[in-house]
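The values are calculated or read from the model by the stated rules, or taken from the named source; none is laboratory data. All values derive from a computational prediction rather than experimental measurement. Backbone-built Cβ (ideal geometry, glycine too); neighbour counts: all protein chains shown.
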């Protein structure tokens, strides 16, 4: 399959407030296929957000190249095409909603693209259905819960018909039920509509269903692979100060105390099956 | 507590006045004000009153709701009334200490009083029947021809929309900061006016910092959604001119003509 995102030797240097040069990304290379569900995990300051902003051309590389759908992000002509192809959802749902009515906000992106009014209407209705917010379309955003606001933000991106959505810690400010809503929405978009998802998070549980997990630390990619491959390296992850999903942690502890369970258990259901077999 | 404040006094019901094109309503309001100030005698007030009564009835906004809007301006009405009664020269009918009440003064006062009341009710009809977002759209479209002379119509409208959008968010935040500061012993309610103003500093500083941070993030989110100013931008809901808009326009023109004819 075609690679929708191609990052080659990406370096990003910025000047801190004390005028010192800080290298946030140190020669990162990464390719993401069309339709893939990639989860990026890492500490605050590991460079994961900085990398995400490069995919949307909000930041431009100091060195190396970033291609989105074959377009070079450093070329100014491509900026709007890239932002339409790779939509971005941010952490704080309050600070990315522009309009005072839900459906007007979803229309904001398509309006910026200069799409005819009738077509915008169709796209807005589709996007609302896609995130399950049709009944709230006439409400003011301040009357919605955090999870609902974040779904509206996602709908606002879907209405632009992107091939790829980058989510920069969209669940960080939400309560558990809001997190569930948002995760269900993105997983459905990936499975049913084939939209490529790059999901940045520090909740390990959200990485379990991904096609690929990328672990970043200090401006480098330190681990990469299927969730099972990554999370079985419990000790490496712990050394980086990162957690593994709770169930995997439990499996790891059980193995240490001599029980015969596999070390790559990721979900509660799997754990139940294996424990039942032991009994 | 702070969340109860409603900005603008939109009264959401479905009526023919609510459905009018916001541009027509804005222009009609200006024509109405012009007509009102051209009125020279009480007969012409009859025309204006008739026009206003018809629009109020059509708008389905309850009359007590409108009168409530008059309350904050009550002082101004009384003041205007008083000044006119005592300051107009003419035939003295009553003496109140050093002040003379004249016949012309009483007539003038009543005349001005009616004008103010009609002015306030008439203009509040605009905000009562038009949602802030429609109002913004209307203003943008009306200012459109002035773009050529460098009036940033789209930018002004966008600023108004964003301001309206963030009023509830910032009110909520103010409430939160206030509670946080009160939990740490801040006192916003006692002391004289200077002390109270001083106590607002620990409220305003975090509020401003957060507002700037929000503005920064919003700007980035808008850019990520391909916002690049008003050029080549389309709108989902286009304003359209219907028969009812024409009728409303004709009606307010008739009012203006009637008032002008009455002057001669």
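Here residue A:57 clears all of (1) assigned to a strand (DSSP E or B); (2) more than 7 Å from chain B (Cβ to nearest Cβ); (3) touching a helix residue (DSSP H, G or I) at 6+ places or on another chain (Cβ under 7 Å) except the condition numbered (1). A single entry from B:66, B:87 fulfils the requirement of being surrounded by 14 or more Cβ atoms within 10 Å (Cβ to Cβ) and modelled with pLDDT under 85: B:66.
List the number of the failed condition for residue A:77; all other conditions in (1) more than 7 Å from chain B (Cβ to nearest Cβ); (2) assigned to a helix (DSSP H, G or I); (3) farther than 18 Å from residue A:167 by Cα; (4) within 22 Å of the chain's Cα centre (by Cα) hold. Result: residue A:77 passes all but (4). Taken together, the residues in segment B:207-227 that are without any contact (Cβ under 8 Å) to a residue 12 or more places away in the chain, in contact with a helix residue (DSSP H, G or I) (Cβ under 7 Å, 6 or more places away or on another chain) and either away from every other protein chain (no Cβ under 14 Å) or part of a helix (DSSP H, G or I) (or both) amount to 3. Could you please let me know if residue A:165 is closer than 27 Å to residue A:5 by Cβ, within 12 Å of another protein chain (Cβ to nearest Cβ) and assigned to a helix (DSSP H, G or I)? No. For residue A:125, indicate whether it is more than 13 Å from the chain's Cα centre (by Cα), within 12 Å of chain B (Cβ to nearest Cβ), buried (at least 23 other Cβ atoms within 10 Å of the Cβ) and free of Cβ contacts under 8 Å to residues at least 60 places away in the same chain. Here the answer is no, as residue A:125 does not meet what is asked. Being within 30 Å of residue B:140 (Cβ to Cβ), part of a loop (DSSP other than H, G, I, E, B) and within 20 Å of the chain's Cα centre (by Cα) holds for only one residue in B:61, B:31, B:27, and it is B:61.
Of the residues making up segment B:156-180, just one is farther than 24 Å from residue A:146 by Cβ and more than 14 Å from chain A (Cβ to nearest Cβ), namely B:156. Of the residues making up segment A:205-221, those that are buried (at least 17 other Cβ atoms within 10 Å of the Cβ) and either free of Cβ contacts under 8 Å to residues at least 40 places away in the same chain or in a strand (DSSP E or B) (or both) are A:212, A:213, A:214, A:215, A:216, A:217, A:221. The residues listed here are A:102, A:131, A:89; of these, the one that is more than 7 Å from every other protein chain (Cβ to nearest Cβ), surrounded by 23 or more Cβ atoms within 10 Å (Cβ to Cβ) and in contact with a strand residue (DSSP E or B) (Cβ under 7 Å, 6 or more places away or on another chain) is A:89.
Looking at B:90, B:105, B:97 in this structure, which one is at positive phi and touching a strand residue (DSSP E or B) at 6+ places or on another chain (Cβ under 9 Å)? Going through B:90, B:105, B:97 in turn, the sole match is B:90. Return a yes/no flag: does segment B:191-198 have any residue that is more than 7 Å from chain A (Cβ to nearest Cβ), surrounded by 12 or more Cβ atoms within 10 Å (Cβ to Cβ) and at positive phi. Looking through segment B:191-198, at least one residue is more than 7 Å from chain A (Cβ to nearest Cβ), surrounded by 12 or more Cβ atoms within 10 Å (Cβ to Cβ) and at positive phi.
Criterion applied to B:204, B:239, B:255, B:250 was being more than 7 Å from every other protein chain (Cβ to nearest Cβ), out of contact with any strand residue (DSSP E or B) (no Cβ under 9 Å at 6 or more places or on another chain), in a loop (DSSP other than H, G, I, E, B) and over 27 Å from residue A:53 (Cα atoms), and the one residue passing it is B:239.
Screening the candidates B:101, B:39 for the property of being surrounded by 15 or more Cβ atoms within 10 Å (Cβ to Cβ), farther than 30 Å from residue B:12 by Cα, free of Cβ contacts under 8 Å to residues at least 40 places away in the same chain and more than 14 Å from chain A (Cβ to nearest Cβ) yields one hit, B:101.
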